[in-house]
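Student: A single structure is presented below for examination.
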Amino acid sequence: MSSKCKKKLVLALPKGRILDEVMPLVRAAGIEPEPNFYDDGARQLRFTTNRLDLDIVRVRSFDVATFVAFGAADLGVVGADVLMEFDYAEIYAPIDLGVGYCRLAVAEPEEMVGSDDPGTWSHVRVATKYPEITRRHFAQRGVQAECIKLSGAMELAPNLGLCRRIVDLVSSGDTLRANGLVEIEQIAEITSSLAVNRSAWKTRPEEIGQLIEDFRKVLAKTKPTKEVA
Ligand code: PRP
């Protein structure tokens, strides 16, 4: 097939705060999106770049993984939280980009901390957008986790009596503090990786391999990368 009729590669990026950390890496890798990309008010979701063979889409962080897993996007930037929750076989995440650092943690109301002993729990009810990770985490020590799935604002759940504990991402800790919650257990440290659809990599090894290499070089200039064997 000539390069003229080849389908464009699609790079999926997460909306929100990680985007600000990712964009310097994307630009340093030689990818510059069209100006509209930087217009927060724009309703456009797919953007051309200075590279004729590559477009960028901007979606929610969980959806980056879905687009990549199903091959709708060839590459994406995905958090370890999302990779752990869905464990998609079709996604390969060869480079930890070292951005979006935070932790996945269990939290509960401040006033419970003194009297609560997690070692005695046999059952726990938790509000979270990570039911799989949460169940696995508690199952490891024989605790049955009943998960109430929320998509955001988890910190409200204890306050409104939905449940007493939450599992959520913690970065600065400001959201927990502002809602009277305290982190009591860390489940995992989280960063975002460059993720690739395995089939796309097999069918277009040179183009995707080159993109991976470009990101690798950018990271080598800034900090040591964590390679996946
Ligand atoms: C995340 C997370 C917490 C908050 C933690 O939410 O779910 O609510 O950030 O950050 P902090 O420790 O710095 O306060 P986000 O703002 O990404 O929005 P979301 O609720 O839509 O996931």
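Student: State which entries of 15/202; 15/129; 7/202 exceed 20 angstrom in Cα-Cα distance in the structure shown. Provide the component values of the computation, followed by the final result.
Tutor: On the way: 15/202 28 Å; 15/129 17 Å; 7/202 15 Å.
15/202, as the Cα separations exceed 20 Å there.
Student: Ignoring everything except DSSP H segments at least 4 long, calculate the 222 nm mean residue ellipticity for the chain; use -39,500 (n - 2.57) per segment, divide by total residues, nearest 500.
Tutor: Working: 8 runs with 70 residues, N = 229.
Here the helix-only value at 222 nm equals -8500 deg cm²/dmol.
Student: Give the calculated FRET efficiency between residue 39 and residue 8 to the nearest 0.05, with a Förster radius of 22 Å applied to their Cβ-Cβ distance.
Tutor: On the way: r = 21 Å, r/R0 = 0.97.
It comes out at approximately 0.55.
Student: Next up: May I ask for the equivalent-ellipsoid semi-axes of the stretch 1-96, computed as the square root of five times each C-alpha gyration tensor eigenvalue and listed largest first in whole Å?
Tutor: The equivalent ellipsoid of the stretch 1-96 has semi-axes of 21, 18, 12 Å.
Student: Shape verdict for the stretch 102-189, please, from the Cα gyration tensor: rounded (a/c under 1.5), prolate (a/b greater than b/c) or oblate.
Tutor: Rounded, since a/c falls under 1.5.
Student: What spacing in nm lies between the two simple spin-label points modelled at residue 15 and residue 164, each 7 Å away from Cα in the Cβ direction?
Tutor: Modelled inter-label distance: 3.6 nm.
Student: Note down the nm distance, to one decimal, between modelled labels 7 Å out along Cα→Cβ at residue 141 and at residue 177.
Tutor: The answer from the label model is 2.6 nm.
Student: A follow-up question, please. For the peptides 114-123, 128-137, what is the packing order when you average, over each peptide's residues, the other Cβ atoms within 10 Å and list the highest mean first?
Tutor: Working: 114-123: 9.3, 128-137: 20.1.
In descending order of packing, they fall as 128-137, 114-123.
Student: Still on this model: Could you order peptides 76-87, 170-181, 193-204, 140-151 by the average number of other Cβ atoms within 10 Å of their residues, highest first?
Tutor: On the way: 76-87: 22.3, 170-181: 15.0, 193-204: 19.2, 140-151: 13.2.
Result, highest mean Cβ count within 10 Å first: 76-87, 193-204, 170-181, 140-151.
Student: Give, in nm to one decimal, the length gained when the segment between residue 52 and residue 186 is fully stretched (0.36 nm per residue of separation minus the Cα-Cα distance).
Tutor: Details: separation 134, 0.36 × 134 = 48.24 nm, distance 4.34 nm.
Stretched fully, the residue 52-residue 186 segment lengthens by 43.9 nm.
Student: Based only on Cα atoms, what mean projected area does the convex hull of the chain have, in nm²? Walk me through the numbers on the way to the answer.
Tutor: On the way: hull surface 57.2 nm².
Averaged projected area of the chain's Cα convex hull equals 14.3 nm².
Student: Let me ask something else. Could you state the number of Å between the C-alpha centres of the stretch 56-125 and the stretch 180-206?
Tutor: 7
Quick note: the coordinates plus some simple rules give every number you see, no bench work behind them. What you see is a predicted model; the values in this text were computed from it and never measured. Note that we place each Cβ from the backbone using ideal geometry, even for glycine, and neighbour counts take in every protein chain shown.
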